[in-house]
Amino acid sequence: MTPRFPALIACLFLSCLGLAAPAAAAPKAKPEAAAPEQPAPSAQVRRLLFKDMTGQAVLPLRTTEGSTVVNFGSRADELVTRLRLRLRYTASPALIPGQSHIKVLLNDETVGIVPIGRQPAGQGASQEIDIDPRLVADFNRLKLLFIGHYTAECEDPLHSSLWTDISGLSELEVSVRPLAIRNDLTFLPEPFFDRRDLRRLDLPFVFAATPSTATVQAAGTVASWFGALAAWRGARFPVHREQPPRGNAVVFATNGERPAFLASAPAVAGPTLSVIANPADGAGKLLLVQGRDSRDLGIAARALVLGHAGLSGSQAVVKELKEEVPRQPYDAPNWVRLDRPMKFGELVASPQELQVFGHVPDAVRLNLRIPPDLFTWRSRGVPVDLKYRYSPPIRASESRLSMSINDELVQSFNLRSSGQGGESARIRLPLLDDGLQGESQEVFIPAFKLGSRNQLQFNFSFAYQKEGHCRDTLVENVRAMVDADSQVDFSGYPHYAEMPHLGYFATSGFPFTKYADLSNTVAVLPESPTAADLETLFALLARLGESTGYPGTRLRVAGPGDEAALRDADLLLIGASPRQSLLQRWSASLPAAIAGPGRRIAQPVRKVNFLYDWLGFGTAPDPAVASQAGIEGDGPLAAMLGFESPLTSGRSVVAVTAVAPEHLSLALDALEQPTLARGMHGSAVFIHPQKVESFLAGKTYVIGELPWWTALWFPLSGHPVLLACMAVLAVLILAFALWRSLRAVAAKRVEGRP
């Protein structure tokens, strides 16, 4: 028995790593067998605030049966053992106690009643409800239904006294216990990303001590994929070297460049993807992205992001990967189509999102992402062929549909009892049933109201009839919907923008996202990137993936000395100076600079044209540098700089830098906060904790092309006085030419006289 003991130890070690030979596959049927040797994972308690889950500080409940829904999920690798609701609310003092209450439903099953008593005006109340965790599903709808009454008789169901406000500080306290899951690629992207988890994705990446540029490039492709999956949640990727942290993580390794914990693992024979138990805790999982060399590693990364649906088992070897067709400009899956009108049904996951119920229902919302360089100058607006259906209203004069863009009203339409539109109506849709009317309108969205990220809102409101004292007539089952065949048309517009404009980068990742696969993007890291440099790069690539909805499969990563790779590309520079040597080499092109305690800030010319101001025209900003200030100081500070590439005209550079590598996270934190991101513009943004300052200084350039007649008139549109002078001059020239012509005709007549 003694000679077999070392072999048994080796077998257990390889089994723990999930790297046992194929012949040992049968004993690995339970990959968690080694887990009991690790400390048992403890239960976790999470507090999910309503304001984080809904994005609203207050959830209003109105009318006799107002309601709101809070969605949350339960991860596949966790078991909910306890669920408690802490509800904070403020109710109308006019409500009758004993008859007014809030009904709490989880997945349409009643789990509690919150009675509303008489309270001093303006004072809030709270209530705790324990919910049976067995009712928790993968995706959950916590519905709060307000039942309110303010009088015993002759009650107006839409009276202003019928209100209750749910505080965004209300919370769900969720206790969870980890579940053991198989080592199986079938579950991808779980458990590394679980769409049921509404929190930000924090997924560690594990490398060898000194990852190569090719390894970082493969990891960047995977980061952009996870960013596209995480979408609005956001994503961060803490970097670890040599050893994995506890929990789930992604490991990048080649046969010659691998973390220390894989030192004794067998070499792979090609691009390989596998899932093993995490030796750091025995409960988490590691996704191994491996290859014989850097080329294999890139193939494995692309196979993961493009072909994960076909993976199964604990390990898969990529035998063949056909190169994808390069993406065309502006064809990102998350952006609207620019080559044809786009139907509303293509903008939602389900047609049910386009229909509403009730007299004052929630708005129908459609998200529209468009390229920021879409040139809509002198356009009538973006045409919308709007078709909608609704229950016939009793009082048509007070029932209407309001269309808004980004919470700004575009147009309102009366809902007609006949279902016929006004002069702009084009067709009448066939009725789905006898209770729904149909109309169609052609509407134009004002182009100046559009940004990179937009939301169309359609608000239906139905009046009810009240005749005399205590005689209310209500329409039952009031329904309305925006038809999925409605269209919005962004086709036919040219692409043109004045750069630099860091607002484009902050909101949509432009100009890098012009190509969804990042084929024209080169990420430039310092010669020896720190963990903070890598984390910043991966988080930014995740934002680009979130913007486009597509992984950056053609991303390139280079160092500051690889000048050939930096030509004819848009550059994303990461790193603090002086470690990022390009910031020093290109200092003459920078609108600002940060190098340790030293800061250089350029101030633009602030010219005033009194004639323009007197005529009511704004003076055009002049980005020329008027002065520069050199400052030394301490404290955290990060910056984003935009300028034209010194190597290739018309190409853009965005540099993310800081006084120290650990302060680069300030830029990531600011980009994740919509209020701060909206304040980013111009060519330089200085980022402090919870504060940004932007300005435009230095050389500007343009990208894109305009038709020749637009290219002629657009620059002149900013100079109305010059246009007036040119018009007068043109009239004088025409008059002089006409006068000379008439004189010549008259002279010929005189010469022809007998």
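The values are calculated or read from the model by the stated rules, or taken from the named source; none is laboratory data. It should be emphasised that the depicted structure is a prediction, and the values quoted were computed from it without experimental measurement. Neighbour counts run over all protein chains shown; Cβ positions are idealised from the backbone, glycine included. For accessibility, only protein heavy atoms count, side chains too; no ligands or nucleic acids. Shrake-Rupley method; radii C 1.70, N 1.55, O 1.52, S 1.80 Å.
Hey, among the residues in segment 313-330 that are aliphatic (A, V, I, L, M), open to solvent by 50 Å² or more (accessible area, probe 1.4 Å) and within 32 Å of the chain's Cα centre (by Cα), which one's farthest from GLY552 (Cα to Cα)? Full working, then the answer.
Filtering segment 313-330 for residues aliphatic (A, V, I, L, M) gives 316-318, 321, 325.
When the remaining residues are screened for being open to solvent by 50 Å² or more (accessible area, probe 1.4 Å), the result is 317, 321, 325.
Those still in the list that are within 32 Å of the chain's Cα centre (by Cα) too: 321, 325.
Working: LEU321: 16, VAL325: 13 Å.
Checked segment 313-330; the qualifying residue farthest from GLY552 (Cα to Cα) is LEU321.
When segment 515-524 is filtered for residues that are in contact with a strand residue (DSSP E or B) (Cβ under 8 Å, 6 or more places away or on another chain) and either of a type in the set (Val, Ile, Thr) or open to solvent by 10 Å² or more (accessible area, probe 1.4 Å) (or both), the ones remaining, listed by number, are TYR515, ASN520, THR521, VAL522, VAL524. Is it true that some residue in segment 347-355 is touching a Gly at 6+ places or on another chain (Cβ under 9 Å) and open to solvent by less than 70 Å² (accessible area, probe 1.4 Å)? The answer is yes; a qualifying residue exists.
Can you pull out every residue in segment 648-657 that is hydrophobic (A, V, I, L, M, F, W, C) and surrounded by fewer than 23 Cβ atoms within 10 Å (Cβ to Cβ)?
Selection gives nothing.
One line per residue, one yes/no per condition, for (1) surrounded by 15 or more Cβ atoms within 10 Å (Cβ to Cβ); (2) in contact with a His (Cβ under 6 Å, 6 or more places away or on another chain); (3) among the β-branched types (Val, Ile, Thr); (4) at pLDDT below 90:
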position	(1), (2), (3), (4)
GLU442	no, no, no, yes
ALA447	yes, no, no, yes
GLY451	yes, no, no, yes
PHE458	yes, no, no, no
GLY468	no, no, no, yes
THR473	no, no, yes, yes
ARG479	yes, no, no, yes
ASP485	no, no, no, no
MET499	yes, no, no, no
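Of the residues examined, PRO393 is one that is out of contact with any Asp or Glu (no Cβ under 8 Å at 6 or more places or on another chain), over 12 Å from PHE490 (Cα atoms) and outside any strand (DSSP E or B). Taking the criterion of being surrounded by fewer than 13 Cβ atoms within 10 Å (Cβ to Cβ) and either of a type in the set (Gly, Ala, Ser) or in contact with a Cys (Cβ under 6 Å, 6 or more places away or on another chain) (or both), the residues of segment 254-272 that qualify are GLY256, ALA260, ALA263, SER264, ALA267, ALA269.
With respect to TYR89, is the statement that it is crowded, with 17+ Cβ neighbours inside 10 Å, in contact with a Ser or Thr (Cβ under 6 Å, 6 or more places away or on another chain) and part of a strand (DSSP E or B) true? Taking the combined requirement at face value, the residue satisfies it.
State whether the residues of segment 537-554 include one that is of a type in the set (Gly, Ala, Ser), open to solvent by 10 Å² or more (accessible area, probe 1.4 Å) and over 17 Å from the mean Cα position of the chain (by Cα). No - not one qualifying residue is present in segment 537-554. Does PRO715 qualify as being out of contact with any His (no Cβ under 6 Å at 6 or more places or on another chain), surrounded by fewer than 13 Cβ atoms within 10 Å (Cβ to Cβ), of a type outside the set (A, V, I, L, M) and modelled with pLDDT under 85? Yes, satisfied. Residues considered: VAL289, VAL251, VAL275, VAL222. Of these, the only one that is open to solvent by less than 10 Å² (accessible area, probe 1.4 Å), in contact with a Lys or Arg (Cβ under 6 Å, 6 or more places away or on another chain) and modelled with pLDDT of 95 or more is VAL275. Only one of the numbered conditions (1) surrounded by fewer than 21 Cβ atoms within 10 Å (Cβ to Cβ); (2) in contact with a Phe, Trp or Tyr (Cβ under 8 Å, 6 or more places away or on another chain) is violated by GLY310, and that is (2). For segment 551-574, a residue qualifies if it is outside any loop (DSSP other than H, G, I, E, B) and either small (Gly, Ala, Ser) or in contact with a helix residue (DSSP H, G or I) (Cβ under 7 Å, 6 or more places away or on another chain) (or both), and the qualifying residues are ARG556, VAL557, ALA558, ALA564, ALA565, ASP570, LEU572, LEU573, ILE574.
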